[in-house]
Amino acid sequence: MKRLAAIGLIALAGAPSIHGDERLTLKVSPVMALAPASVTIRAIVEPNEANRLLSIAVISGDYERTSEVPLEGKNAPRLNVFELRDLPTGLYEVQATLVGESGRIAATTQLMKVQQSPGHSR
């Protein structure tokens, strides 16, 4: 049963993003890791004069971290990279939100899982 759930999670994590938009793409690597995990989040933002802020949130039952990067419209970097280290065991939702002067422009979400290392207690 656990193996089936893990296969389902991998399939879901590799699927296109929920509420995805061509203006914002999210890539999390790896989507499955052993604790304590190091994870790289890549947010690709299409250049647009309206772009003002990129927010990345990583949320699990016992963990939450948010990072925000100001954007300078169409002059902002297309690729934004975030590195997380020592993530504990859990199922995580990684959310990316692109914000303009009048509010949210685009949002996307990806799941990832950090599993307990063999031989270690939680």
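Quick check on my filter: what residues within the stretch 49-73 are of a type outside the set (Ser, Thr, Tyr), at pLDDT 95 or above and outside any strand (DSSP E or B)? Listed by number, the residues that qualify are 49, 50, 51, 52, 71, 72, 73.
Among the residues of the stretch 21-31, which ones are at pLDDT 95 or above and either of a type in the set (Asp, Glu) or loosely packed, with under 14 Cβ neighbours inside 10 Å (or both)? Reasoning before the result, please.
At the first step, the residues of the stretch 21-31 found to be at pLDDT 95 or above are 24-31.
Listed by number, the list holds a single entry, 29.
Condition check ((1) in a strand (DSSP E or B); (2) in contact (Cβ under 8 Å) with a residue 24 or more places away in the chain; (3) at positive phi; (4) hydroxyl-bearing (Ser, Thr, Tyr)) across all residues:
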position: 38; (1), (2), (3), (4): yes, yes, no, yes
position: 42; (1), (2), (3), (4): yes, yes, no, no
position: 47; (1), (2), (3), (4): no, yes, no, no
position: 85; (1), (2), (3), (4): yes, yes, no, no
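Looking at the stretch 70-122 only, could you name the residues that are within 27 Å of residue 35 (Cβ to Cβ), more than 14 Å from the chain's Cα centre (by Cα) and β-branched (Val, Ile, Thr)? Once the filter is applied, which keeps residues that are within 27 Å of residue 35 (Cβ to Cβ), more than 14 Å from the chain's Cα centre (by Cα) and β-branched (Val, Ile, Thr), the stretch 70-122 yields only 89. Residues that are farther than 27 Å from residue 49 by Cβ and of a type outside the set (Asp, Glu) within the stretch 67-109 comprise 84, 85, 87, 88, 89, 90, 91, 92, listed in sequence order.
Residues that are of a type in the set (Asp, Glu) and part of a strand (DSSP E or B) within the stretch 93-122 comprise just one, 93.
The values are calculated or read from the model by the stated rules, or taken from the named source; none is laboratory data. From a predicted model like this one, the values you see are computed outputs, not experimental measurements. Every residue, glycine among them, receives a Cβ derived from its backbone with ideal geometry; neighbour counts consider all protein chains shown.
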